[in-house]
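The values are calculated or read from the model by the stated rules, or taken from the named source; none is laboratory data. This is a predicted model, so every value here is computed, not measured. Because the Cβ atoms are built from the backbone with ideal geometry, glycine has one as well, and the counts that use them run over all protein chains shown. Accessible surface is based on the protein model in full, side chains and every heavy atom, while ligands, DNA and RNA are left aside. Shrake-Rupley method; radii C 1.70, N 1.55, O 1.52, S 1.80 Å.
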Amino acid sequence: MNYISKNVVFHREMFWSNLLGISGTLSTKRVQLETELAAGHAKAKTGYGAFARLQLSGARMNFTGNLVYAGKDFYGFYNNSLLVNTNIGFNLGRKLALGASSNFSNVNPGLDATYYSVSPKDNSYMAFTSYQLDKKNRFFVFYAVQEKQDRQKPAQFHYSENFGNISYHYNGGRFTLFYQGRYGYSRNLLLADNTGKRQSFSNLAQPAVRFFPWLWVGGYLEHQHTSKFSGADVVQDLFFYGGNARISLKRNLYASFLYRNNYAPDELYERRSFMDASLSLDLKRHRLSLSGGRSFVPNLQNANQNTLFFSLKYALKLNIPLAKKRNIGRVRGQLIGSGFPKEGNLVQLGNHKFLTDSSGRFSFEGIAPDQYYLSISQNDSKNDGVVADIKMPFLVTVRPDSLKEIAIPFIRTGSVTGKVEFVQPNQKGLSAVSGQRPTVLVKLANETASFLTELNDKNEFSFKEMKPGNWTLSAYIPGSQDRFVIEESQRELVIETDKALDVSFQVRPNEKRIHFSTKNFEVSVKK
């Protein structure tokens, strides 16, 4: 349950709105449900609101539905609003999907906690298909029928249209591209009794290039050939363009810039940025932030919407201790070695956690004196084949008013893989044994460590990320299964860095032979 009381500005009138709501969720493996019911009291009247979201997911089908309702006397996040949309999709494999969606939107969302905007009325139906060619290339095709109406005064647009759309998205390591093309017919409803439809098409491209690991530069190019925004139903060619850049240097410098010359009229029902720039410089003790731009905010009671703004902030970290904490300790350390990424590894000391920096350093401040186990989780796939050269986790003793320094060496490893072959018996009398396969265990050991594994369904075994050096590999049959013999059951191996050894064992039935003598023996029984 929740309760909110807020002061609202609505049609130049200011009043208080008191809201009381109850919400709940239901979550299973295939069903996700969120609901909320609320009542509001404002201007001596009571209004009601409701929200529901349902998600159903199956192996090949998924469904999503949303409902938002707010009465005329309800002043929550929405007022006098109704929204209903549904989406159903079918997966026809890993790459291909089909679906359909519908949307009815007649909402008045709040731009912030106290001020309301008027969104356009939108009613649309769509059928779509998507195709994922590979990890870098994706296609999306749909056909839609929709009607949009601007509810602000004076109205900038009111049209209906039906069109086909094809979208393509490429995502490479140094270059990305989004393209969208549309073709169809639209009818301008700003004019009374206008029943004629006119040709309408558009093309949009958004390329982006990474010139350096720390620099991305992108562009925005769009052309629309349509009459749906003309008060006289005249076909217009509208051009929109812009660009953006993003700079990120380690953790010290981040900067971004965005520019757009304009937006289509049906996009200006919410806040839009024509220019936006930001800069953040962090020098540990000194932090400088600069931001500025030019934005459009709808429904503001301000005739001048073309105003530049900027803000500048400087912060100095003094790190002056208010009081010294006594009887606590500190732990600092570093991952040493080469051939693996040292940044972003998770070091855990008891319940305390720290991510290593680019040089592999970590630190824990203000630790209560005690004994803790220290462990390291490598969260980068590039760290495969790299392990600590000491036994992990290991015990660290933290003493009061002291600093414990730790150096953890990492080394690259090798691996051992192999297979066990079951040999058929030579003697015919062992046919009953030939259909049986005993349990075989494989052990890899040296003077300080020992590892044991069993075979998989293909009679294979493996030992990954093993430290270089001399090891003994042995295979044996547990229990008293003396009906089988393992040929050369013990091998001496030398594991080398970044190399994989392949070893095989043979298991055969224990064939016992009867030897016949050419001599005669007399056997007598004494009475």
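Backbone amide hydrogens, once placed in the peptide plane, bring Asp389 within less than 5 Å of Phe410, Ile411, excluding anything fewer than 5 places away on its chain. Anisotropy class assigned to region 97-248 is prolate, per the alpha carbon gyration tensor with a/c at or over the 1.5 cut-off and a/b larger than b/c.
Per residue, the chain reaches 0 deg cm²/dmol at 222 nm when only DSSP H runs of four or more residues are counted, each adding -39500 (n - 2.57). Across region 333-342, computed HN-Hα scalar couplings (Karplus, 6.51 cos²θ - 1.76 cosθ + 1.60, θ = phi - 60°) run x, 7, 8, 10, x, 9, x, 8, x, 8 Hz from first to last residue, x flagging Gly and Pro. For the set Lys443/Lys464; Lys121/Lys153; Lys284/Lys317; Lys250/Lys404; Lys6/Lys72; Lys419/Lys458, the pairs lying more than 19 angstrom apart at their alpha carbons are Lys250/Lys404. When the Cα gyration tensor is reduced to axis lengths a ≥ b ≥ c, the ratio a/c is 1.5 or higher for region 145-195, and with a/b above b/c it is classed as prolate. At q = 0.25, 0.26 Å⁻¹, what log₁₀ I(q)/I(0) does region 453-502 have when each alpha carbon counts as one equal point scatterer in the Debye sum? Calculated log10 I(q)/I(0) at the listed q: -1.13, -1.17.
Using a ≥ b ≥ c from the Cα gyration tensor of region 174-293 (square roots of the eigenvalues), is it rounded, prolate or oblate, where a/c under 1.5 gives rounded and otherwise the larger of a/b and b/c decides, a/b for prolate? Prolate shape, in that a/c is at least 1.5 and a/b is the bigger ratio. Per atom type, the chain shows carbon and sulfur on 54% of its accessible surface, probed at 1.4 Å.
What do you get for Rg/Rh of region 13-90 when both radii come from the Cα atoms and Rh is the Kirkwood radius? Using only Cα positions, Rg/Rh for region 13-90 is 1.13. Under 5 Å from the amide H of Asn79 lie the amide H atoms of Asn108, each residue being 5 or more positions distant or on a separate chain, with H modelled from the backbone and absent for Pro and chain starts. Legend: residues Thr413, Thr195, sorted from most to least accessible area (1.4 Å probe; ligands, DNA and RNA excluded), read Thr195, Thr413.
The figure for Glu147 is an accessible area of roughly 80 square angstrom, using a 1.4 Å probe on the protein chains alone.
Expected output is a single nm value to one decimal: the length gained when fully extending between Lys45 and Asp134, i.e. 0.36 nm times separation in residues minus the C-alpha distance. What is it? That works out to 26.3 nm of additional length. With the whole protein complex present, Ser124 retains an accessible surface near 20 Å², based on a 1.4 Å probe. Take each peptide in 91-97, 225-231, count the other Cβ atoms within 10 Å of every residue, and average; sorted highest first, the result is 225-231, 91-97. Computed from backbone phi, the HN-Hα couplings of region 5-12 come to 10, 9, 8, 10, 9, 9, 6, 6 Hz, rounded to whole numbers (Karplus: 6.51 cos²θ - 1.76 cosθ + 1.60, θ = phi - 60°; Gly and Pro given as x). Stokes-Einstein diffusion of the chain at 10 °C, 1.306 mPa s viscosity, Kirkwood radius from Cα pairs, rounded to a whole number: 50 µm²/s.
Note on Ile22: accessible area approximately 90 square angstrom, rounded to 10, probe 1.4 Å, nucleic acids and ligands left out.
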